[in-house]
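Structure, as structure tokens:
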Amino acid sequence: MALADKIASAKKISELLNQLIKLGDFRLKYKIVVDPPVANDEWERTDILVDLSGADSGLLLERGGELLRALECVAIESLRLGLDNHDRISFDCQNFRSLRLEELRMAAEVAAQKVRDTDMPYPFAPMNSRERRVVHLALKNQEDLRTESEGEGPQRHLVVYPKNYQGKAASAPVMRRRR
């Protein structure tokens, strides 16, 4: 995105959020940052960061940040971004995103050790493409391992393999919807 496009996109996101917050009667406020500083460019390449806060922050973070991700998805769809640009818009609340990144990095390390100890593949539970990308990147320099995304749709998951493993991995744990 060119800078003018980023600013126009940020304004459109702001208009959308104003409507959603008003119509949903949410007690939320937000701050939009274009080209936010990033500690590790490889992990997060966000062009627009939307940071939400307020009394209803807990609603956004319930069920693993499901509503937060839904707002992000609606914003991305409203901008009609192609799949290759979805990671340019990022929503966060109470530092949820960086905590989740750290959780994924640690899970990648644990999985890598399990694969080394057992010489068997380790399937992660289904996760979205951004989270799979974080695990792929966390393990990319491990010369004795390889990672692959497998499955379709909501069952798409990542598997960590010993580098020369030839068999089929066990299926990912099935994620059931909470009610």
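The values are calculated or read from the model by the stated rules, or taken from the named source; none is laboratory data. Predicted model, so just to flag it, every value in this text is computed and none were measured. Here the Cβ is made from the backbone with ideal geometry for all residues, glycine too, and neighbour counts use every protein chain on show. Accessible surface is based on the protein model in full, side chains and every heavy atom, while ligands, DNA and RNA are left aside. Shrake-Rupley method; radii C 1.70, N 1.55, O 1.52, S 1.80 Å.
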Discussion item. As an exercise, identify the GluC sites (Glu not before Pro) in segment 125-156 lying in DSSP coil whose Cβ has no more than 12 other Cβ atoms within 10 Å.
Written reply: GLU143, GLU152
Worksheet item: What lysines could a cross-link reach from LYS6, if we take a straight Cα to Cα line under 18 Å and drop same-chain neighbours fewer than 8 places away?
Response: LYS31
Item to complete: Under 1.5 on a/c is rounded, so check that first for the chain, then, if it is not, pick prolate when a/b is larger than b/c and oblate when it is not; a ≥ b ≥ c are the square roots of the alpha carbon gyration tensor eigenvalues.
Response: prolate
Worksheet item: Just the accessible area per residue of the chain, please: how many Å² with a 1.4 Å probe?
Response: 62
Worksheet entry | Virtual paramagnetic centre 7 Å along Cα→Cβ of ARG45, amide N under 14 Å, in segment 134-160 | 134, 137
Discussion item. What is the percent carbon and sulfur in the accessible area of segment 1-158, measuring with a 1.4 Å probe over the protein chains and ignoring ligands?
Written reply: 52
Response to the item:
In degrees rounded to 10, the 0-90 angle between helix 3-23 Cα long axis and the longest Cα principal axis of the chain is 80
Worksheet entry | Max mean-square fluctuation residue, GNM over the chain, Cα-Cα springs under 10 Å, options LYS29, LYS168, LYS114 | LYS168
